[in-house]
Structure formats: C-alpha cells, structure tokens
1. Multiply the residue gap between Phe85 and Arg53 by 0.36 nm, knock off their C-alpha separation, and tell me the result in nm, one decimal place.
2. Can you tell me the FRET efficiency between Val96 and Cys18 if r is taken as the Cβ-Cβ distance and R0 is 41 Å, rounded to the nearest 0.05?
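Each value in this text was obtained by applying a stated rule to the coordinates, not by laboratory testing. Remember, it's a predicted structure, so these values are computed and weren't measured experimentally. No Cβ is skipped: glycine too gets one built from the backbone with ideal geometry, and neighbour counts run over all protein chains shown.
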Amino acid sequence: MKSYNDPEKDAIGVCVRCGKAIGSDEAVTIGGKLYCKECAGKIGGQKRLYRLRKDRILGGVCSGLAEYIGIDPTIVRVLWVIISFVYGFGILIYIVLALIVPKEPLINRYI
Ligand SMILES: [Zn+2]
C-alpha cells in the first residue's frame, strides 16, 4: 500500500473541480482537464459518446446514444429498428457507429 502521509509529495496535479491534490493513481483526465476519481465519477463521460459496456445488446451503440441524449435505451432501439425498416440504412449506420464510436473507457466508471 502507498503511504498518504504526504499527499502533496506524490500529487501530479490538482482537481479542477474540487481542488484536491491528486496522486498519479487517482488522476482522471477528461477533455484535457484533470479530475480526482470522485469528481470524474460524477461528471465522467457525460458529454462523450461511447458504446457502453453495460446494457448492451449488440455493440452498445444504442445504449451509448441513449445515455448521451439522456433517454431510455429501449426507445433508441425501437426508433433504430423503425428507421432500419422504413429507410433501410439503419443497420449500415449501426455498423459504422460500432466501428468509429470508442468503447467506454473503464476509467470513467466508478460505480
Ligand atoms: Zn475532485
């Protein structure tokens, strides 16, 4: 175990949200800014589009979109299926998104 008797000593920066000194093992960078784990868990990934590792049926694209927009993943899936049937390109878009949208980084999950 690492000693935290002198947290300033090992700190690599200061959390831009709460001002706490952050050691290298608890630093999280979001959008180029440094956060502690606690703050990163509160704000982490809110404005980033990711394919989620939880709630996924295929590639996690629909649930990722749902979390990004802030609606129920089921609604996104239903809409996606309807668009796929009506316009025929929904499946193609899904495949493209599954390829270009990054998987949710594990570092942003502290639940
Ligand atoms: Zn913080």
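1. Working it through step by step, the gained length comes to 8.9 nm.
2. On the way: r = 39 Å, r/R0 = 0.94.
Once the sixth-power term is evaluated, E becomes 0.60.
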